[in-house]
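Comments concern the structure below.
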Amino acid sequence: MGEGLWNDALSRMRARVVKIAEGVREGFPHFADPETGRWTCSPTGDWTGGFWNGMLWLSAAGARERRYLQWAEQWTERLRARIDSDTVFRGFLFYYGAALGGMLLNHRGAREIGLLGAKGLASMYNPRAEALPLGSEAEEASDVGKGEANVDTVQASALLLWAHRETGDPGLREIALKHAARHIEFCLREDGSVCQSASFEPATGTILRRYTHKGITDQSTWARAQAWGILGWTLTAQWSGDLRFLEPAERAADWWLAHVPDDWVAFWDFDDPAIPETNRDTSATAIVAASLLKLAALTRSEARRLVYRQAAEVTARALVEGSLGADGILRDGCYNKRIGLAIRHELVWGSYYLYEALHGLAATLDPARV
Ligand code: GLY
């Protein structure tokens, strides 16, 4: 399906990358108003700065132009200030923001910063709870600290598994697998839908409650919770080779495919009673497009491979044809509907995952390499 479409979308997004890199001087792009194209930046990267670096590393590997590499190196250096931040979202920051440079270009400096981030992240591990907690500086809407968990953090296992491959340290692998497995219990419901968050007793790991930071209710299915779950367990299977993690990943992906609207772009929460008069979330949809491509590469069943590959293609096509402007802006991302923050915006992580998926669809990147 549509090699021309993927390449055209890629060049639009790459032009947007150049515009952002030339226009943003301070901090990291976080979200932008699609009308003006102007970014709200985070001074030190918040939980999202790594996605911007990731777009630069993908560009440096794909376009092989010196300027992309220079930008990627500059922004990656800025992450050194975050090595000791007490937040589990160092998983996002250092996987996409640094380790990707090692994976794609064998870049020594990026690898070094990625490994420092992974080491810092591993130091948060609570062996009694068998999980990495959110941490006191986690960039979340409300509850953070030693007794809080989010499905958004399962991706952190990928950073540790990559670091294990690079260093041979078996402790990193063990933490990663325990953390990803514990979040099946914390967040995956019986029917395959995902609940964003859980509180647990730090001394014993006992679950105290399941809840949401950004969904409409604790019982609803916030689109990004579903998307982060699919991605996190898929990446765990990809980097560990432990294919038992494909079961939760596929259960969550199958739930998404059974519930996503006919036009393939999710509403911000699957249970918002205002549907269809409410916001979409293209960022959740982009995370799923990238994850489905990985699942298609990993799953053992030939029939499922086909299903996930086709679903990835139609999902990416829906985003490109419906929400990606000629200016390379992915519109209609919904950051936090509960507080009305950036609810029809260009979100840097949504752009990252669509950009990654397009590289896979245009066959310039093996989806299971990152
Ligand atoms: N906490 C990550 C997100 O808002 O998706």
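The values are calculated or read from the model by the stated rules, or taken from the named source; none is laboratory data. Values in this document were obtained by computation on a predicted structure and should not be read as measured data. Neighbour counts are summed over all protein chains in view; Cβ atoms, including those assigned to glycine, are modelled from backbone coordinates with ideal geometry. We work out accessible area using only protein heavy atoms, side chains counted, and drop any ligands, DNA or RNA first. Shrake-Rupley method; radii C 1.70, N 1.55, O 1.52, S 1.80 Å.
Observations on the model:
- When the charge dipole of the chain is built from unit charges on Cβ atoms (+1 for Lys and Arg, -1 for Asp and Glu) and taken about the Cα centre, the candidate among 288, 72, 202 whose Cα reaches farthest toward its positive end is 72.
- Of 83, 44, 328, farthest towards positive along the dipole that unit charges on Lys, Arg, Asp, Glu beta carbons give the chain: 83
- Three-way shape call for the stretch 20-103 based on the alpha-carbon gyration tensor, with the a/c threshold at 1.5: oblate
- Nearest-20 debye value, the chain charge dipole, Cβ charges on Lys, Arg, Asp, Glu: 920 debye
- Hydrodynamic radius (Kirkwood) for the chain, which is based on Cα pairs only, to one decimal in Å: 20.0 Å
- Of all complete DSSP H helices in the chain, those with a Cα span along the helix axis of 27 Å or greater and a mean Kyte-Doolittle hydropathy of -1.0 or more are 3-23, 302-322.
- The portion of the accessible surface of the chain made up by carbon and sulfur, rounded to a whole percent, is 49 (1.4 Å probe; DNA, RNA and ligands excluded).
- For the stretch 143-227, the Kirkwood hydrodynamic radius comes to 13.5 Å, computed from all pairs of different C-alpha atoms.
- Note on the stretch 215-308: along the principal axes its Cα atoms extend 41, 25, 18 Å, ordered by decreasing extent.
- Proximal aspartates and glutamates relative to residue 146, as straight alpha-carbon distance under 13 Å, when same-chain residues fewer than 8 apart are discounted: 86, 130, 137, 201
- Global geometry of the stretch 1-152, whether rounded, prolate or oblate, following the gyration tensor of its Cα atoms and the 1.5 cut on a/c: prolate
- Cut-off under 5 Å, modelled amide H: who pairs with residue 269 long-range: 223
- Residue 271 contributes about 80 Å² of solvent-accessible surface, heavy atoms of the protein only, 1.4 Å probe.
- Rounded D (µm²/s) - the stretch 84-150, Kirkwood Rh over Cα pairs, Stokes-Einstein at 20 °C, 1.002 mPa s: 173 µm²/s
- Linear extension gain, residue 306 paired with residue 11, 0.36 nm per residue minus alpha-carbon span: 103.5 nm
- Spherically averaged projected area of the stretch 268-370 from its Cα convex hull (nm²): 7.4 nm²
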